[in-house]
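Here the structure comes first, spelled out in structure tokens, and everything after it is commentary.
The values are calculated or read from the model by the stated rules, or taken from the named source; none is laboratory data. Given the structure is predicted, the values throughout are model-derived calculations rather than measurements. When we count neighbours, we look across all protein chains shown, and the Cβ atoms used for this are built from the backbone with ideal geometry, even at glycine. Quick note on the areas: whole protein, heavy atoms, side chains included, nothing else; ligands and nucleic acids left out. Shrake-Rupley method; radii C 1.70, N 1.55, O 1.52, S 1.80 Å.
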Amino acid sequence: MSPHAPLLVFALLLGVCLTVSAEPLNEPLKPLPPIPHQDPRRVELGRQLFNDARLSVNNTVSCASCHQLAKGGADDKAFSLGFDGKPLTINTPSVLNASLNFKQFWNGRANTLELQTHEVVQSPSEMGSNWQHVVQTLSTDPAYHSSFTAAYRDGVTAANVQNALATYERTLLSRNSRFDQYLLGDTDILTREEKYGYQRFKEYGCIACHQGVNIGGNMFQKFGVMGDYFQVRGNLTESDLGRYLVTRDEEDRHVFKVPSLRNIAVTAPYFHDASARTLEEAVDVMFSYQLGRAPSAEDKSLIVKFLKTLTGEWAGKPL
């Protein structure tokens, strides 16, 4: 036998072990999928439109004004400012990974990204415009006219503007979070405390609502299952009615789409009313009103540490 044979056998065995340890873990949460292939011409059009303030009636705000990609795809303000400079009545959700949500908006009134865009442009408090004005504005721009003609057979139309924006937004996945790397088999990337935090997240039942590949965004839930959050908070607003505004069903009063927890550490403040300024405050509210429990200080700290591992990357850089 060659004197190098034992080393070769050891190396082969080590290679097998490394391969096994790098296999995806069998966990209820799954890593983000690869960015789906999209028509690059439509993606680029969507990117330009996303950053173009001419979608608003007075050229003051763009999609990017409220959905700041470098800040987790949300707004660092409690309430974004509309075209008229006045604050909106509901906290801006992140656009990152929004394509993975089963509905759009806090009350789930849009089934698709296209419909979400359709509503925002015409909203009297957000962009304040109308599609006739938008199409006319873009059609008279030679660069847009050329790009739309190349990407769509019928050129500049309201439907094509909405589709281009939605196509771009489907590429906005914040992949490569440390938790995703953990799920893919790199179990050493999380600290012991972060792993314990994930265990507590599952054991307390947080995962019952914050589930699926987006760790939320795939179901509705009442805000205040184990207590009347709104009575305690006071100052009820129309936005607090949640899905009731869509269905007028009494059972949908104060019901909202469960938000994704991805990038949650960089998208404060939290909830539709922006009432929680810190991640720790948000965890307290969830325990009190959704779980009806009070965690130990240690368990709360562990869960917060786990939540911070959900921060992904945008444009190759950590958020």
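Considering only SER146, VAL232, HIS133, the residue lying farthest towards the positive end of the dipole of the chain is SER146, judged by Cα position with unit charges set on Cβ.
Our estimate of slack between GLU280 and ARG293, defined as 0.36 nm per intervening residue step minus the Cα-Cα distance, is 3.2 nm.
Note that region 25-65 presents 53 Å² accessible area per residue, ligands and nucleic acids not counted, probe 1.4 Å.
Could you pull out the pairs from LYS30/LYS222; LYS77/LYS222; LYS257/LYS305; LYS195/LYS305; LYS103/LYS300; LYS30/LYS300 whose alpha carbons sit more than 19 Å apart here? Distance filter (> 19 Å) returns LYS30/LYS222; LYS77/LYS222; LYS257/LYS305; LYS103/LYS300; LYS30/LYS300. Mean residue ellipticity at 222 nm, helices only, the chain: -10500 deg cm²/dmol; runs of at least 4 DSSP H residues each add -39,500 (n - 2.57), and the sum is divided by the number of residues. The relative contact order of the chain comes to 23 percent, based on Cα pairs under 8 Å that sit 6 or more residues apart.
Taking Cα extents along the principal axes in Å straight from the coordinates, which label in (1) 80, 55, 29; (2) 70, 46, 37; (3) 64, 63, 35 is the correct one? Computed from these coordinates, Cα extents along the principal axes in Å corresponds to label (1). The charge dipole of the chain, taken about its Cα centre with unit charges on the Cβ atoms of Lys, Arg (+1), Asp and Glu (-1) only, comes to about 260 debye. Stretching the chain fully between THR140 and SER123 yields a gain of 3.8 nm (0.36 nm per residue, less the alpha carbon separation). The simple spin-label model puts a point 7 Å past each Cα toward its Cβ; for ALA208 and THR112 those points are separated by 3.5 nm. Between THR237 and GLU193, the FRET efficiency estimated from the beta carbon spacing at R0 = 51 angstrom works out to 0.85.
So for region 40-171, taking the charge dipole from beta-carbon charges (+1 Lys/Arg, -1 Asp/Glu), which of PRO40, SER123, ASN58 sits furthest toward the positive end? Going by the charge dipole, the pick is PRO40.
Taking label positions 7 Å along the Cα-Cβ direction at both THR60 and ARG175, the computed distance is 3.9 nm, reported to one decimal. Residue-wise HN-Hα couplings along region 174-191, as the Karplus relation 6.51 cos²θ - 1.76 cosθ + 1.60 with θ = phi - 60° gives them from phi, are 8, 7, 6, 5, 5, 5, 4, 5, 4, 4, 7, x, 8, 6, 7, 6, 9, 6 Hz; Gly and Pro carry x. Among the protein heavy atoms of region 178-318, carbon and sulfur supply 49% of the accessible surface, probe 1.4 Å, non-protein parts ignored.
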